[in-house]
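Below is one structure; the comments refer to it alone.
The values are calculated or read from the model by the stated rules, or taken from the named source; none is laboratory data. Small disclaimer: the values here were computed from a predicted structure and weren't measured. Backbone-built Cβ (ideal geometry, glycine too); neighbour counts: all protein chains shown.
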Amino acid sequence: MSLQTGRSWCDPWPAPAKLNLFLHVIGRRPDGYHLLQTVFRAIDLEDTLRFAPRDDGEVRLASPLAGVPQEADLTVRAAKLLQRATGCKAGATIAVEKRIPVGGGLGGGSSDAATTLIALNRLWETGVPRADLMRLGVELGADVPFFLFGRSAFAEGIGELLTAIDLAPSWYLILAPQVSVSTQKIFSDPGLTRDTKPIKIATFFAGFAGNDLESVVCEKYPQVARALECLGAQGLDARMSGSGASVFAAFASEREARSVAAGIPEDVRAAVASFVVRGLDRHPLDFDEPVQVGSRQVG
């Protein structure tokens, strides 16, 4: 389905998770934001969002999370940001069915926010071009523009400068330890490497890349270290996604991924949620509109 047509208020709207196939921290801006290089890939592990119209102009959650103010929820923030940017007076009730682990480095909250922008831009008929939605998305989080971009991407800056890339078909085994990693805590750690030399896209494809956050996360969260060790013990090139806690390994087929998943030791299996997922080339809400991203023209 395109961003412009094909879905209505009664339809579910998918919000896919993502993997960071590598993540380097190459510097820090004066405002404290870290400069990154990464490759984002969407996967077919999804949250599902539904929207209902409101006549009072309010934005509400159908089922607020316990202990979390509605105003702090990224979907509510995204909807209100779109209202402010467009002067829209319409409202909405937002229902989120969560499947993506929270605090797992898989981008669930950012993806939910991006899908909210996509959906309400269509349902409220606000007509904001995709490139402008991406600029709004940066205000919500550095991962949000990727989900609005709609395809696999090499990312720079704080994650908002995106270049479309083609990735080989892959399946992934994800182990998500049952801990919630604080991204802010990891990025503020004095032991974090912040001066990795920038690489080219070709360097990534040659296999010379990793995740600079892994050592800090593994030191603070031994469950993450154990999950990485479990996959590494089977000769797999395992790494962490984002700031964790999820770790993953890539496979050429679903059968291979499921075979390894079946052999995970019982003690590890009891401490993680595991998923076998397919890598996506494009966001489930397809995009046809060319977009200007930073200095890059991507069709």
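Some notes on this structure:
- Only one entry in R99, R135 is assigned to a helix (DSSP H, G or I), at pLDDT 95 or above, in the same structural domain as R54 (by TED's automatic domain parsing) and surrounded by fewer than 23 Cβ atoms within 10 Å (Cβ to Cβ), namely R135.
- Meets criteria (more than 30 Å from V276 (Cα to Cα) and either aromatic (F, W, Y) or part of a helix (DSSP H, G or I) (or both)) for L117: no
- Among (1) surrounded by fewer than 20 Cβ atoms within 10 Å (Cβ to Cβ); (2) in a helix (DSSP H, G or I); (3) of a type in the set (A, V, I, L, M) - the single one L236 does not satisfy: (2)
- Cβ pairs under 8 Å, 6+ apart, first in segment 90-109 and under 23 Å from K80 (Cβ atoms), second of a type in the set (S, T, Y) and buried (at least 20 other Cβ atoms within 10 Å of the Cβ): I94/T75; I94/T116; V96/T75; I100/S111
- Test result for A78, in a helix (DSSP H, G or I), of a type outside the set (V, I, T) and either under 25 Å from R135 (Cβ atoms) or touching a Leu at 6+ places or on another chain (Cβ under 9 Å) (or both): yes
- Test: residue in segment 63-71 that is farther than 21 Å from F146 by Cβ, out of contact with any helix residue (DSSP H, G or I) (no Cβ under 6 Å at 6 or more places or on another chain), without any contact (Cβ under 8 Å) to a residue 40 or more places away in the chain and of a type in the set (S, T, Y): yes
- Selected residue (only one of V39, V59 is under 30 Å from A206 (Cβ atoms) and either free of Cβ contacts under 8 Å to residues at least 60 places away in the same chain or in the same structural domain as P145 (by TED's automatic domain parsing) (or both)): V39
- Of all the listed residues (S241, S215, S246, S253), the sole one being among the small types (G, A, S), farther than 24 Å from S152 by Cα and touching a residue at least 24 places away in the same chain (Cβ under 8 Å) is S215.
- Selection within segment 173-195 - outside any loop (DSSP other than H, G, I, E, B) and either assigned by TED's automatic domain parsing to the domain that holds I100 or touching a strand residue (DSSP E or B) at 6+ places or on another chain (Cβ under 7 Å) (or both): L173, I174, L175, A176, P177, F187
- For segment 194-204, the criterion of being surrounded by fewer than 16 Cβ atoms within 10 Å (Cβ to Cβ), farther than 27 Å from E139 by Cα and at pLDDT below 95 is satisfied by no residue at all.
- Positions within segment 139-153 being over 18 Å from V76 (Cβ atoms) and assigned to a helix (DSSP H, G or I), in sequence order: P145, F146, F149
- Criterion: within 19 Å of A17 (Cα to Cα), outside the structural domain of M134 (by TED's automatic domain parsing), out of contact with any His (no Cβ under 9 Å at 6 or more places or on another chain) and at pLDDT 95 or above - qualifying residue of S241, S215: S241
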